[in-house]
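This report refers to the structure that appears directly beneath it.
Any read-out appearing in this document is the output of simple, stated calculations on the displayed coordinates, not a laboratory observation. Small disclaimer: the values here were computed from a predicted structure and weren't measured. All Cβ positions, glycine included, derive from the backbone under ideal geometry; neighbour counts span all protein chains shown.
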Amino acid sequence: MSDKIATRVAYGEALTAMGEDERIIVLDSDLSKSTMTDMFRKKYPERHFNMGIAEGNMMSVAAGLATCGKVVFASSFAIFAAGRAFEQVRNSIGYPNLNVKIGATHAGISVGEDGASHQAIEDIALMRSIPGMTVISPSDAYCTAFAVKAAIEHFGPVYLRLGRLAVPLVHDENTRFEFGKGTLIKDGSDVTIIANGLMVQYALEAAKLLEEDGVNVRVIDMHTIKPIDREIIIKAAKETGCIVTAEEHTIIGGLGSAVAEVVCSEYPVPVKMVGIEDKFGKSGKPNELLELYGLTAENIVKKAYEAMQML
Amino acid sequence: MEQKEILALKKTAANIRKGVIIATGAAGSGHPGGSLSITDIMAYLYFKEMRINKEDPRHPDRDRFVMSKGHCAPVLYATLAEKGFFPKEDLATLRKTESYLEGHPNMNSVPGVDMSTGSLAQGMSAAVGMALAGKVDKKDYYVFVGMGDGELEEGQVWEASMAAAHYKLDNLICFVDYNGLQIDGKITEVMNPEPIAEKFEAFGWYVQSIDAHDFEQIEKAVKNAKKQKGKPNMIVAHSTKGKGVSFMENQAGWHGKAPKQEERDRALAELDEYIASLEV
């Protein structure tokens with residue numbers, strides 16, 4: 001694989017690679033060249049349906065297909081898939097527990113120039129609040145391939161959160177991912193950084209910076225936010241004494257909240273959150289926006305020291 | 001249709017109407033008005049038309065029915081119970097905490113329910129998905145849909161309509177229960193969806209208009225719909241809200257209000273009297 005690849009591209013590739021499974025039907029809403037489901041269409045045109053610019057309808061149509069034994073991937077930008085079509089996802093897919101996989105691309109502020117209207121920063125909070133919904137936010141192409149496969153193998157609704165921006169590989173072909181389990185990338189004993197999506201790369205950079213200062217850092221890729229891996233969180237709380245979370249999402253209701261929910265009730269230790277702090281995004285170059293909103297290795301380092309000082 | 005058959009369907013429909021009254025009466029809430037207006041269509045579909053088997057309610061080749069106006073769960077349940085999908089006595093547990101008969105149709109708890117509905121227009125879209133699956137799998141089943149006229153105010157109805165015509169879903173047969181009333185009053189006064197037939201025609205559907213309480217017209221329209229190729233089917237069924245119970249007919253107030261004990265008894269007596277008149 002090349003050095004940098006967007007998880008939406010990895011999604012299109014994985015979906016196409018697994019397309020031999022004839023149960024798979026792919027729906028898109030006039031964004032197939034951006035969500036990359038067009039790759040699937042080229043190989044399996046008879047199982048790809050463009051539903052036009054009508055995301056609510058697409059989600060309910062996906063539900064109907066799923067009642068007939070199909071494994072349906074319904075794709076749009078995260079803001080429309082999780083935001084505009086929330087109630088269809090909730091009532092048509094979530095409540096009847098249907099086998100629909102929502103491939104939501106262009107999540108987060110790394111959408112860049114399109115600006116706040118197109119930058120979903122609340123989608124994880126919305127989706128994980130639906131009973132029975134699985135939520136996965138993969139960090140790189142390897143993790144995405146795992147997520148697509150896991151989504152197909154798991155019966156029930158799954159929300160896949162994917163990005164527009166090309167991101168470096170933080171895993172390799174030997175990484176063993178497990179559904180519902182966080183992936184330990186680096187062990188350590190002083191502080192744990194729990195990250196997902198494109199923030200995993202910055203978590204690893206932050207770990208390197210902290211190590212230079214003699215701080216021993218544990219890094220976990222929490223690709224699956226729901227069901228969350230309680231065990232790995234409690235173990236981190238007990239063994240490292242404090243936690244920093246890092247996500248490209250509002251800190252209200254996302255990964256940080258999910259981790260804090262476990263820590264508070266099971267083994268209270270300081271949890272500091274790196275994420276978007278109750279603000280909308282804006283237009284700009286993706287990397288400039290990540291900097292502007294504090295989604296950086298430096299900010300993770302700062303929060304790590306704050307967390308450790310609370311001990 | 002033979003007279004004997006019409007009489008039998010009339011009797012079945014009256015029994016289904018009794019089920020609606022018993023269920024909503026026992027629940028103390030629910031939606032009798034729109035349930036009663038679509039009852040004759042339900043009786044025709046489940047007792048004359050649809051390829052279904054109560055012993056195997058999830059058979060992949062069965063015809064499907066989606067109650068897109070999910071608040072009319074009472075008539076769907078009463079029809080399924082009449083057909084033998086579950087005991088009729090259970091209708092009196094509608095909406096109760098310990099019951100499997102949810103206030104709006106639940107496909108995972110109620111045998112014979114093909115789609116969970118309740119949020120308007122979503123059922124129609126789900127039916128589009130079922131019809132599309134039928135095309136992908138080259139199956140010959142039909143997907144029937146019960147919709148409300150007030151429901152047409154939901155934008156998603158028109159998204160679904162575009163998709164159904166675009167993919168030429170001629171295995172989709174929708175009924176609009178055109179009783180002219182919604183919760184807040186006349187549909188033309190609340191938010192006018194008319195002209196209904198012309199709108200669906202413009203969206204590329206094959207449209208027929210019928211009397212929703214005439215079994216011969218219902219059958220003729222369904223048979224005709226099945227002959228059409230390349231277009232989804234809309235049957236605009238002119239109906240009377242609250243049909244079959246004199247004091248509920250044409251009253252918007254009975255959209256979402258359950259009969260009290262005395263009203264329940266009066267309604268059941270009327271329906272029993274009607275059934276007796278059919279047997280003479």
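When the helices in the protein assembly as shown are scored as -39500 (n - 2.57) per DSSP H run of 4 or longer and the sum is shared across all residues, what 222 nm value do you end up with, to the nearest 500 deg cm²/dmol?
Taken over the protein assembly as shown, the calculation gives -11500 deg cm²/dmol.
Output the peptides B:272-279, A:175-182, A:56-63 sorted from most to least packed, where packing is the average of other Cβ atoms within 10 Å over each peptide's residues.
A:56-63, A:175-182, B:272-279
Could you run the Karplus curve 6.51 cos²θ - 1.76 cosθ + 1.60 with θ = phi - 60° over the stretch B:33-49 and give me ³J(HN,Hα) per residue in whole Hz, x for Gly and Pro?
Each residue of the stretch B:33-49 in turn: x, x, 5, 6, 6, 9, 4, 5, 5, 4, 4, 4, 4, 7, 10, 10, 9 Hz.
Could you compute Rg(Cα) / (2.2 N^0.38 Å) for the stretch A:1-102, with N its residue count?
Normalised Cα radius of gyration, the stretch A:1-102: 1.02.
For peptide A:22-31, compute the average count of partner chain beta-carbon atoms within 10 Å of each residue's beta-carbon.
Across A:22-31, the average partner-chain Cβ count within 10 Å equals 1.
Relative to the Cα centre, what is the charge dipole magnitude of the stretch B:3-279, using +1 at the beta carbon of each Lys and Arg, -1 at the beta carbon of each Asp and Glu, and rounding to the nearest 20 debye?
Details: 34 positive and 39 negative charges, 139 e Å.
About 660 debye.
Computed over the Cα atoms of the stretch B:1-130, what is the convex hull's projected area averaged over all directions, in nm²?
Mean shadow area of the hull around the Cα atoms is 7.8 nm².
Quick check: the angle from helix B:261-279's long axis to the longest principal axis of chain B, C-alpha only, nearest 10 degrees?
70
Considering only C-alpha atoms, what is the centroid distance from the stretch A:12-55 to the stretch B:58-92, in Å?
34
Cα-based Rg of chain A per 2.2 N^0.38 Å, rounded to two decimals? Don't skip to the answer; put the middle values down first.
Values: Rg = 18.5 Å, N = 311, 2.2 N^0.38 = 19.5 Å.
Ratio of Rg to 2.2 N^0.38 Å for chain A: 0.95.
Can you pull the mean other chain C-beta count within 10 Å for peptide B:111-118?
4
Report D for the stretch A:4-168 in µm² per second (integer): Stokes-Einstein, Kirkwood Rh on Cα pairs, 25 °C, 0.890 mPa s.
Stokes-Einstein gives a translational diffusion coefficient of 163 µm²/s.
Return the subset of A:K149/B:K227; B:K88/B:K231; B:K4/B:K96; A:K70/B:K243; A:K33/B:K231; A:K33/A:K186 for which the Cα-Cα distance in this structure is over 31 Å, preserving the input order.
Numbers: A:K149/B:K227 42 Å; B:K88/B:K231 38 Å; B:K4/B:K96 38 Å; A:K70/B:K243 39 Å; A:K33/B:K231 29 Å; A:K33/A:K186 36 Å.
Those over the limit are A:K149/B:K227; B:K88/B:K231; B:K4/B:K96; A:K70/B:K243; A:K33/A:K186.
How large is ³J(HN,Hα), in whole Hz, for each residue of the stretch B:133-148 in order, when computed from phi with the Karplus curve 6.51 cos²θ - 1.76 cosθ + 1.60 and θ = phi - 60°, using x for Gly and Pro?
With the stated coefficients, the stretch B:133-148 comes to 4, x, 5, 4, 8, 6, 9, 9, 6, 10, 10, 9, 9, x, 10, x Hz.
Under a point spin-label approximation (7 Å from Cα along Cα-to-Cβ), what is the B:E249-A:I234 distance to one decimal in nm?
With each label point 7 Å from Cα toward Cβ, the separation is 6.6 nm.
Can you compute the modelled spin-label distance between B:K260 and A:E178, with each label point 7 Å from Cα toward Cβ, in nm?
Reported label-point gap for B:K260 and A:E178 is 6.2 nm.
Quick one: compute the contact order of the stretch A:5-152, relative version, from alpha carbon pairs under 8 angstrom and 6+ residues apart, as a percent.
Working: 256 pairs, mean separation 38.6, N = 148.
In percent, rounded to a whole number, it is 26.
Please work out the Cα convex hull volume for the stretch A:55-113 and give it in Å³ per residue.
63
Along each of its three principal axes, how wide is the spread of alpha-carbon positions in the protein assembly as shown, in whole angstrom units, largest first?
Ordered largest first, the protein assembly as shown gives principal extents of 97, 50, 45 Å.
Across the stretch A:183-309, how large is the tail of the calculated P(r) beyond 21 Å, expressed as a percent of all Cα pairs?
Here the long-distance tail beyond 21 Å is 31 percent of all Cα pairs in the stretch A:183-309.
Over chain B, how many percent of alpha carbon pairs lie in each 5 Å bin up to the one with the longest distance?
1, 6, 13, 18, 20, 18, 13, 7, 3, 1, 0
Hey, fewest Cβ within 10 Å first, where do A:S29, A:S129, A:S34, A:S265 land in order?
On the way: A:S29 25, A:S129 14, A:S34 17, A:S265 10.
Fewest to most other Cβ atoms nearby, the residues stand as A:S265, A:S129, A:S34, A:S29.
Which GluC sites (Glu not before Pro) from the stretch A:216-311 combine a DSSP loop assignment with at most 11 other Cβ atoms within 10 Å?
A:E277
Taking a cut-off of 13 Å, what percent of all Cα-Cα pairs in the stretch B:211-274 are separated by more than that? Could you put the intermediate results ahead of the total?
Numbers: 1432 of 2016 pairs.
Percentage above 13 Å: 71.
From the phi angles alone, apply the Karplus equation (6.51, -1.76, 1.60; θ = phi - 60°) to the stretch B:194-206 and give each ³J(HN,Hα) in whole Hz, x where the residue is Gly or Pro.
6, x, 6, 4, 5, 4, 5, 4, 5, 7, x, 9, 8
Where nothing but the Cβ of Lys and Arg (+1) and of Asp and Glu (-1) is charged, how large is the charge dipole of the protein assembly as shown around its Cα centre, in debye to the nearest 20?
It works out to roughly 980 debye.
Determine the dipole magnitude for the stretch A:144-278: charges of +1 sit on the beta-carbon of Lys and Arg, -1 on that of Asp and Glu, nothing else is charged, the reference point is the Cα centre, and the result goes in debye to the nearest 20. Could the numbers behind the result be given before it?
Values: 13 positive and 20 negative charges, 72 e Å.
Roughly 340 debye for the stretch A:144-278.
Using DSSP to define loop residues, name the chymotrypsin sites (Phe, Trp or Tyr not before Pro) in the stretch A:61-160 whose beta-carbon has at most 14 other beta-carbon atoms within 10 Å. Present the calculation step by step, with values, prior to reporting the outcome.
On the way: sites: A:F73, A:F77, A:F80, A:F86, A:Y142, A:F146, A:F155, A:Y159; in loops: A:F155.
When the chymotrypsin sites (Phe, Trp or Tyr not before Pro) of the stretch A:61-160 are filtered for loop state and at most 14 Cβ neighbours within 10 Å, A:F155 remain.
Arranged by the count of other C-beta atoms within 10 angstrom, fewest first, what order do B:T97, B:T24, B:T188 take?
Lowest count first: B:T97, B:T188, B:T24.
Contour minus end-to-end for A:S189 and A:H154, with contour as 0.36 nm per residue of separation and end-to-end as the Cα-Cα distance?
Extra length from A:S189 to A:H154 when fully extended: 9.2 nm.
Over all alpha-carbon pairs in the stretch A:240-291, figure out the percentage whose distance exceeds 14 Å. Could the numbers behind the result be given before it?
Details: 733 of 1326 pairs.
When all Cα pairs of the stretch A:240-291 are counted, 55 percent exceed 14 Å.
At 0.36 nm per residue, and after removing the present C-alpha to C-alpha distance, how many nm does the segment from B:S29 to B:H59 gain when stretched out fully?
7.5 nm
Pairing the Cα long axis of helix B:215-227 with the longest principal axis of chain B, what angle in degrees results, from 0 to 90 and rounded to the nearest 10?
Orientation of helix B:215-227: about 20 degrees from the principal axis.
So how many Å³ per residue does the convex hull of the Cα atoms of the stretch A:104-163 work out to?
70
To the nearest 0.05, how large is the calculated FRET efficiency for B:E153 and B:L278 if R₀ is 41 Å and r is the Cβ-Cβ distance?
Taking R0 as 41 Å, the efficiency between B:E153 and B:L278 is 0.65.
Hey, could you get me the Stokes-Einstein D for the stretch B:133-280, Kirkwood radius over alpha-carbon pairs, 20 °C and 1.002 mPa s, rounded to whole µm² s⁻¹? Write down the numbers at each step before the final one.
Values: Rh = 17.0 Å.
Here the translational diffusion coefficient equals 126 µm²/s.
In degrees from 0 to 90, rounded to the nearest 10, what is the angle of the helix B:155-166 Cα long axis to the longest principal axis of chain B?
50
What is the spin-label model distance, in nm, from B:T188 to B:Q3 if the labels are put 7 Å beyond Cα along the C-beta direction?
Distance between the two pseudo-spin positions: 3.7 nm.
Shielding of A:44-52 by partners, i.e. mean partner chain Cβ atoms within 10 Å per residue?
Taking all residues of A:44-52 together, the mean is 3.
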